[in-house]
Amino acid sequence: MFLKGKTALVTGSTSGIGGGYAKALAAEGAAVMINGFGDEGEIESLRQELEKLSGAKAAYSKADMTKPDEIRQMATDCAEQLAEVDILVNNAGIQHVAPVDEFPEDKWNAIMDIICNSAFHTTKAVLPGMKQRGWGRIINTGSMHSKVASPYKSAYNAAKHAIAGFSKTVALEVAQQGITVNTISPGYAWTPLVENQIPDTMKARNMTREQVMNDVLLAGQPTKKFVQIDQIAALAVFLCKDEASAITGANLSIDGGWTAQ
């Protein structure tokens, strides 16, 4: 358990990929604060599971990732309830599918706030402590859409391209301070976010559910398999190891070959 004594904050982690990150980091001994929305009972069960996995405390923040004040308070709460953040995983995200000329402005703003702006606010909040301690890991969840685009996802594509650029910039700023900053870019993994965008895609493309899954979601994924959450989480764990200390500013694909084409 090489992360014993370390504290991780994972945004958007009450389910899906974020929950996978939280469990994998806890299994290596990290104290973890999770964040997100969902059923209170399920969230508390996950928090307790994390404590059993890590042998350390786990905490939950209901901070809204569209509200900078709540994001800053989350970082303060983590320091008070667990310890200052050593590992930050910016994973919160939402999706909306529509042609750009029909894209609702409130959806555009929410996607930008939750994916991109929240990562700025969390990073700004925790970076001073990482610099002081001379060690830190910041991992941002990108997407194959941080490298290539798909139609009808203008806000998501823009936000994920932005998070990759943000990661590179911060990596350069802290390159000599024991802190690495990387982006993990999954292909399609079977998560609530992916499942929930199927109806919108069906409407936008006039397709059946099966056509969306086979001809849209997995069309560009050469393996024709969804990426598994534990595969993504394992990459995040590796990035926290000393052996990965030379990996920074990278955008690491785990997409079944999607961006190899």
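To the nearest ten degrees, helix 68-81 and the longest principal axis of the Cα atoms of the chain are 40 degrees apart.
Cα extents for the stretch 89-146 along the principal axes, largest to smallest and rounded to whole angstrom: 48, 22, 13.
If the chain between Ala260 and Ala149 were fully stretched, how many nm would it gain, using 0.36 nm times the residue separation less the Cα-Cα distance? Intermediate values should be presented prior to the final figure.
Numbers: separation 111, 0.36 × 111 = 39.96 nm, distance 1.36 nm.
Contour length minus Cα-Cα distance gives 38.6 nm.
For Trp190 and Thr76, a Förster radius of 45 Å and the Cβ-Cβ distance give a FRET efficiency of 0.80, rounded to the nearest 0.05. Cross-link partners for Lys124 among the aspartates and glutamates, with Cα-Cα distance under 19 Å and sequence neighbours closer than 8 places in the same chain left out: Asp64, Asp69, Glu70, Asp77, Glu80, Glu84, Asp86, Asp113, Glu173. Protection proxy ranking of 44-50, 185-191, by the mean of other Cβ atoms within 10 Å over each peptide's residues and highest first, is 185-191, 44-50. Measuring between their Cα centroids, the stretch 143-205 and the stretch 29-92 lie 22 Å from each other. For the chain, the longest principal axis of the C-alpha atoms and the axis of helix 154-173 are separated by about 30°. Electrostatic bookkeeping for Leu46 treats Lys and Arg as +1 and Asp and Glu as -1; over the other residues with beta carbon under 12 Å from its beta carbon, the sum is -3.
Within a straight-line Cα-Cα reach of under 24 Å, Lys52 can be paired with the following lysines, leaving aside sequence neighbours fewer than 8 residues apart in one chain: Lys4, Lys6, Lys23, Lys62, Lys241. Convex hull volume of the Cα atoms of the chain, normalised per residue: 120 Å³.
In degrees, nearest 10, range 0 to 90: what is the angle between the Cα axis of helix 118-133 and the longest Cα principal axis of the chain? Helix 118-133 sits at roughly 30 degrees to that axis.
Multiply the residue gap between Ala175 and Met1 by 0.36 nm, knock off their C-alpha separation, and tell me the result in nm, one decimal place.
On the way: separation 174, 0.36 × 174 = 62.64 nm, distance 2.58 nm.
Computed gain between Ala175 and Met1 is 60.1 nm.
Can you work out the accessible area per residue across the chain, with the rest of the protein chains kept in place, probe 1.4 Å, in square angstrom?
Working: 11810 Å² over 261 residues.
About 45 Å² of surface per residue is accessible.
Applying 1/(1 + (r/R0)^6) with r as the Cβ-Cβ distance of Glu210 and Ser245 and R0 = 45 angstrom yields a FRET efficiency of 0.50.
Counting other Cβ atoms within 10 Å, which trypsin sites (Lys or Arg not before Pro) in the stretch 201-244 have at most 11 and lie in a DSSP loop? If you can, show how the numbers build up before the last one.
Numbers: sites: Lys203, Arg205, Arg209, Lys224, Lys225, Lys241; in loops: Lys224, Lys225, Lys241.
Sites meeting the loop and neighbour criteria: Lys224.
A simple spin-label model places the labels of Asp230 and Lys203 3.6 nm from each other, with each point 7 Å out along Cα-to-Cβ. Bridging of Lys225 to aspartates and glutamates at a Cα separation below 20 Å is possible for Glu195, Glu210, Asp215, Asp255, once same-chain residues fewer than 8 apart are set aside.
The values are calculated or read from the model by the stated rules, or taken from the named source; none is laboratory data. Because the structure is predicted, anything quoted here is derived from the model rather than measured. Every residue, glycine among them, receives a Cβ derived from its backbone with ideal geometry; neighbour counts consider all protein chains shown. These accessible areas exclude ligands, DNA and RNA; they are computed on the full protein's heavy atoms, side chains included. Shrake-Rupley method; radii C 1.70, N 1.55, O 1.52, S 1.80 Å.
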